[in-house]
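Peer 1: Next up is a structure, given as structure tokens.
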Amino acid sequence: MLSFCAANVQTGSFTCENSATWANVGGLPTCTKKFVFDVPYTSAPNVILTLTDWDIQNSKNLQIVTNVTEVSKTGFTATAAFWGKTVVNKVIVSWLSTDAVSWSNTDA
């Protein structure tokens, strides 16, 4: 069995509504959010994003890319960008951050 231990794990989410109002970044409607960690890390953590809810026009394909930038001990920037004919009414993106993780294999 594989197990891991992380000393500092933080989570959150953000909501972006009405893609027609989002900033145009590189030709893509983009929703950008800056986050500050409740408890700073001792070094830049790992941050992952996942889509947890979306409401798009049902006649369109969902074409999305999420990205994490500017990761530091105190925070990060998250973006959700859409292309093609995707029209977003609402999207919720969840995030998880963790410091260095130590893994152990208990099967050995």
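The values are calculated or read from the model by the stated rules, or taken from the named source; none is laboratory data. All of these numbers come straight from a predicted model, not from anything done at the bench. A quick note on method: Cβ atoms are made from the backbone with ideal geometry, for glycine too, and the neighbour counts reach across all protein chains shown. Areas reflect the complete protein model, heavy atoms only, side chains present, ligands, DNA and RNA absent. Shrake-Rupley method; radii C 1.70, N 1.55, O 1.52, S 1.80 Å.
Peer 1: Quick check for you: with a 1.4 Å probe and neighbouring chains kept, what is the accessible area per residue of the range 11-98, in Å²? Write down the numbers at each step before the final one.
Peer 2: Working: 5130 Å² over 88 residues.
Averaged over the residues of the range 11-98, the accessible area is 58 Å².
Peer 1: Quick one: P(r) of the range 11-98 from all Cα-Cα pairs, 5 Å bins, percents rounded to integers, in order of increasing distance.
Peer 2: Each 5 Å bin holds this share of Cα pairs: 3, 14, 27, 22, 15, 10, 6, 2, 1, 0.
Peer 1: When the accessible area of the range 11-98 is computed with all protein chains present and a 1.4 Å probe, what percentage of it is carbon and sulfur? Mind dumping the intermediate values first?
Peer 2: Numbers: 2560 of 5130 Å².
Roughly 50 percent of what the probe reaches on the range 11-98 is carbon or sulfur.
Peer 1: As an exercise, use a Förster radius of 35 Å and the Cβ-Cβ distance of residue 89 and residue 38 to find the FRET efficiency, rounded to the nearest 0.05.
Peer 2: Values: r = 30 Å, r/R0 = 0.85.
About 0.70, to the nearest 0.05.
Peer 1: Give me the one-decimal nm value for the distance between modelled label points at residue 72 and residue 9, 7 Å along each residue's Cα-to-Cβ direction.
Peer 2: Inter-label distance under the simple model: 2.7 nm.
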